[in-house]
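These notes are about the structure you will find just below.
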Amino acid sequence: MELTRTVLKIEWILLLIFLVNCISVDGQCSGKRCGECIVSGPNCLWCKQKNYNETRCAVEATLRSNGCSSGDIVRHPVASITKIKDAPLQDGGVGVEPIQLQPQEVKIRLVPNKLFRWTFKYRVAENFPVDIYFLVDPSYTMRNLRTQLANLADDIGTSIRNLTTDFRFGYGTSMDKVTLPYTHTTPEYLQNPCPGDSSLTCAPPHSFLHRLNLTNNVQAFREAVRATQTTANRDKTEGLLDGVMQVAVCGDKIGWRNKARRMLIYASDVDYHFAGDGKLAGIVRPHDLQCHLAPEGQNMKYTHDTILDYPSIGQIRKAITDNNINVIFVIDDREGYKNYYVKLNPDIPGSFTEELSTDATNILSIIRTTYEKLRGTVNFVNEAFQNIDTQYWSACGGRVSQTDQRSTCSNISVGAPILFEFRMTLNINKCPDNINERTVRSSIHPEGLEDRLDVNVEYICDCDCQAPGQAVENSTDCNKQGRLECGVCHCNDGWSGDKCDCDISKTQEETCGQTTDGVNYIICSNVGECQCGKCVCPADYTGDYCECYNKGCGGYIGTGELCNGNGLCQCSNCVCNEGYNGTTCDCPTSTDACTNNNGTICSDRGQCVCGKCVCDDNNYRGDQCQECPTCPGQCKANQDCAECVGFKQGKLSEFDCAAQCSHVSTEAVLPVENITKCQFFDDEGCQIEFTYEYDEEFKLKVVVKDTKTCPPGPPDATTLALGVSGAIFLVGLLLLLIWKLLTSCLDGMEYKKFATEINDPKWGFEKNPIYKDCITEVQNPMCDIPKGPDGPGAEGMDSVVFRKK
């Protein structure tokens, strides 16, 4: 039993998950046409069944549950590939262009949100063209390399010829910018930058000299290398990146071939200047990635070395990548600069760093092994496909498995084809409205080579049932005014509706508009919609132009119902039921409410209007005009009765009061509705209040308030006199207490001061200021001379003092 319950719970949970997923996916499916629908989601399908009234764009489960037959469910079209150029792979040779990539151009019809796989082949061709350009540091420390290049020129050619018969060599030298602080600029130095060594004459300094175009003439290459003289600069770091940039971007002057593997051998023994270092010479203009070579004698010289800053690593990367050049940094590492170039390899695709031996004899093996490494490795890259995710898969010679997602293969043998699988997914949920934006063109190519596989992609944005063969123009199902496409009519201009039976050739103003000035039109009274030349009104609105608001009648506030519940609201006017009239059906036509007990209408003092009495003048009131509040004698005639009944006083005796005032009673609180209020003053000046009214039998009824309001009496003279006297006494007593408090405080302060002076010890030593001593002392100023070794006092004279008694 417990197991059964668990299974049921799991089944309910799975069913709930399924329903949630269906609802979630259905919410993503949308589109008025089949093509728009299938693009909106990977599981979205279309129902082309005729007379299908449910949502046509949904997942399959929803379409089936809504009654769409399986044969009428339109599924996603199938992607396809067409090979436009498919020349077979072939080796190179004399007059034969090698083909390493097959096919060369394809056209793909791609279904949105569906993975599409297709394959292409790559094979390393024999005798594939190779162009090798040597960019050499012409400093004194690199002389061994230049010597070896010249001596081994034939050997290098022979070694390369064993790999391919179609090769060419080019040659150039690069040093540094010819300006301070990189190069001495004195005239003597500019002629011979090595003045300290009489045995060595150096060539004038230069930034970059292109000395030999790419050629298969090995002898010319040897002579160009041997003709290179040593030169020098001031600082240790050199500017070979200026030369790299010119070799890369000056393809027509260097002689690079389009269909060739391009190799740049960069040889040096120090590090390099790069972007920003030019500020030391005041060169702040960034490099423009343009060619600036001009003829100088038999060579070509870089002319903007003092105008443009050194190129950045990013600029070198772009120039090398755009021109499919493989850079091999050949570095003499005696001073430990090789690592500077090793760090460049990740930033410059297809580059390598090799160490040059001290005597440079390993240059031949470096060239051969590097070429073999480049030839045996392929890395495919592609220009970005808009809205398309791409992946490369290859087993590099075997069968593709689930772990073989890669774009690079190594150790490829010459002549052995490699199969690559290219996977594409078009990620869009809506096709562009512009047809021209539904095609994408890009290319796939091996990094560092000019081989290209052009890929033309076309988005499949329409279902098969939208094609001319299945869609029916001017179908009878569409009133011959539309195209029947995937079960839905798409109407011609001027027609609308599910069956294209609505003529909308006229303007809305002509069919659904009203105007008061002949210029400005109001469409469907601004509340409805003009559809098929007619106003479709919202709830509670009617009329040809939705001009009638059927909830715009009065009478709602008082009763909670329109027309007071006594009629129907039609076009903002009440249509009353029988027995009622008025604009809001609030007036009964019956006079029953106006008739009193004696059968008269409004007591013959008024007219019955809308079921209520309207009295002839303001003297009468009441439902039947039975009261006369302003008639003379009513308040006056009942004053005596009010006094005797309410307060046992007045002119009437007890006997007369009982006989004449039987209609009078007393209450603590007088009534306030539908009564007349009277008041008067008795002989004692007290106010007496009473009311009177007429009952249903038109009999007078008087109610007297059982309390009267009397004026206050005169004040008591004795109490007033005692109060004033007491107030005066209290004020005087308060002032006396304040005076006494102040005087006590002042006396205390004076006594404290006196006691302090008495205890002051100075009194025992100071003289009385009015006392005068009886002896007067006078000093003779002439005798008041200081004693000492420098003054007259030295002779023994004393000062004289006269005392007068």
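The values are calculated or read from the model by the stated rules, or taken from the named source; none is laboratory data. Everything quoted here is computed from the prediction, not taken from an experiment. With ideal geometry, Cβ positions are generated from the backbone for all residues, glycine too; neighbour counts draw on all protein chains shown.
Taking the stated definitions as given, is Ser139 of a type in the set (S, T, N, Q) and over 56 Å from the mean Cα position of the chain (by Cα)?
Judged against the criteria, Ser139 is a match.
Among the residues of region 221-228, are any under 48 Å from the mean Cα position of the chain (by Cα) and part of a loop (DSSP other than H, G, I, E, B)?
Scanning region 221-228 turns up no residue that is under 48 Å from the mean Cα position of the chain (by Cα) and part of a loop (DSSP other than H, G, I, E, B).
For Thr185, which of the numbered conditions (1) polar (S, T, N, Q); (2) surrounded by 19 or more Cβ atoms within 10 Å (Cβ to Cβ); (3) assigned to a loop (DSSP other than H, G, I, E, B) fails to hold?
Only one criterion is unmet by Thr185, namely (2).
What are the residues in region 330-364 that are closer than 17 Å to Leu152 by Cβ and assigned to a loop (DSSP other than H, G, I, E, B), if any?
Residues satisfying the conditions are Ser357, Thr358, Asp359, Ala360, Thr361, Asn362.
Would you confirm whether any residue within region 401-408 is over 30 Å from Leu145 (Cβ atoms), modelled with pLDDT under 90 and of a type in the set (Lys, Arg)?
no
In region 463-520, how many are touching a residue at least 60 places away in the same chain (Cβ under 8 Å) and either of a type in the set (Val, Ile, Thr) or assigned to a loop (DSSP other than H, G, I, E, B) (or both)?
4
Hey, can you tell me all the residues within region 500-530 that are within 30 Å of Ser69 (Cβ to Cβ) and surrounded by 17 or more Cβ atoms within 10 Å (Cβ to Cβ)?
Hits for region 500-530 are Cys500, Cys502.
Checking the condition in contact with a His (Cβ under 6 Å, 6 or more places away or on another chain) and assigned to a strand (DSSP E or B), which residue from Met300, Met263 passes?
Step by step, each of Met300, Met263 is checked, and only Met300 is in contact with a His (Cβ under 6 Å, 6 or more places away or on another chain) and assigned to a strand (DSSP E or B).
Go through (1) polar (S, T, N, Q); (2) buried (at least 16 other Cβ atoms within 10 Å of the Cβ); (3) at positive phi for Ser394 and report which single condition fails.
With (1) polar (S, T, N, Q); (2) buried (at least 16 other Cβ atoms within 10 Å of the Cβ); (3) at positive phi applied to Ser394, the lone miss is (3).
Just the residues that are within 19 Å of Cys585 (Cα to Cα) and among the small types (Gly, Ala, Ser), please, taken from region 596-615.
Result: Gly611, single match.
Tally the residues that are surrounded by 20 or more Cβ atoms within 10 Å (Cβ to Cβ) and within 30 Å of Leu212 (Cβ to Cβ), restricting the search to region 105-149.
Of the residues in that region, 19 qualify.
Let's see how each residue does on (1) surrounded by fewer than 17 Cβ atoms within 10 Å (Cβ to Cβ); (2) charged (D, E, K, R); (3) closer than 30 Å to Gly599 by Cα:
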position	(1), (2), (3)
Asp656	yes, yes, no
Cys661	no, no, yes
Thr666	yes, no, no
Phe681	yes, no, no
Cys686	yes, no, no
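When the residues of region 333-384 are filtered to those that are in contact with a helix residue (DSSP H, G or I) (Cβ under 8 Å, 6 or more places away or on another chain) and among the acidic types (Asp, Glu), which remaining residue is modelled with the lowest pLDDT?
Asp359
Given the condition within 45 Å of the chain's Cα centre (by Cα), crowded, with 19+ Cβ neighbours inside 10 Å and assigned to a loop (DSSP other than H, G, I, E, B), answer yes or no: does some residue in region 275-282 qualify?
Within region 275-282 (the criterion being within 45 Å of the chain's Cα centre (by Cα), crowded, with 19+ Cβ neighbours inside 10 Å and assigned to a loop (DSSP other than H, G, I, E, B)), the answer is no, since none of the residues qualifies.
Any idea which residue in region 423-442 is nearest to Cys37 (Cα to Cα), counting only those that are crowded, with 16+ Cβ neighbours inside 10 Å and in contact with a Leu (Cβ under 7 Å, 6 or more places away or on another chain)?
Leu426
Identify all residues within region 534-546 that are in contact with a helix residue (DSSP H, G or I) (Cβ under 9 Å, 6 or more places away or on another chain) and farther than 16 Å from Gln508 by Cα; write none if there are none.
Matches in region 534-546: Tyr541, Gly543.
Collect the residues in region 528-544 that are within 44 Å of the chain's Cα centre (by Cα) and either within 30 Å of Arg33 (Cα to Cα) or outside any loop (DSSP other than H, G, I, E, B) (or both), keeping them in residue-number order.
Within region 528-544, Gly528, Glu529, Cys530, Gln531, Cys532, Gly533, Lys534, Cys535, Val536, Cys537, Pro538, Tyr541 meet the criteria.
Residue under question is Gly397, and the condition is that it be over 30 Å from Phe274 (Cα atoms) and either modelled with pLDDT under 90 or out of contact with any strand residue (DSSP E or B) (no Cβ under 9 Å at 6 or more places or on another chain) (or both); does it hold?
yes
The conditions are (1) without any contact (Cβ under 8 Å) to a residue 24 or more places away in the chain; (2) among the hydroxyl-bearing types (Ser, Thr, Tyr); (3) in the same structural domain as Asp91 (by TED's automatic domain parsing), and Ser410 fails exactly one of them. Which is it?
Failed condition: (1).
Just name the residue that is nearest to the chain's Cα centre (by Cα) out of those in region 306-327 that are farther than 11 Å from Gln246 by Cα and either assigned to a loop (DSSP other than H, G, I, E, B) or not assigned by TED's automatic domain parsing to the domain that holds Asp347 (or both).
Applying the filter and picking the extreme gives Ser312.
Taking only region 216-244 into account, find how many residues are closer than 24 Å to Leu190 by Cβ, in contact with a Pro (Cβ under 8 Å, 6 or more places away or on another chain), crowded, with 17+ Cβ neighbours inside 10 Å and not small (Gly, Ala, Ser).
The qualifying residues number 6.
Please work out which one of (1) farther than 30 Å from Asn217 by Cα; (2) assigned by TED's automatic domain parsing to the domain that holds Ala220; (3) of a type outside the set (Phe, Trp, Tyr) is the condition Pro88 fails and give its number.
(2)
State yes or no: is Thr237 closer than 30 Å to Lys343 by Cβ and in contact with a helix residue (DSSP H, G or I) (Cβ under 7 Å, 6 or more places away or on another chain)?
Spelling it out, it is not the case that Thr237 is closer than 30 Å to Lys343 by Cβ and in contact with a helix residue (DSSP H, G or I) (Cβ under 7 Å, 6 or more places away or on another chain).
Listed here are the residues, each with its yes/no results for (1) in contact with a Lys or Arg (Cβ under 8 Å, 6 or more places away or on another chain); (2) in contact (Cβ under 8 Å) with a residue 24 or more places away in the chain; (3) within 19 Å of Gln470 (Cβ to Cβ).
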site	(1), (2), (3)
Arg33	no, yes, yes
Tyr52	no, yes, yes
Asn66	no, no, no
His76	yes, yes, yes
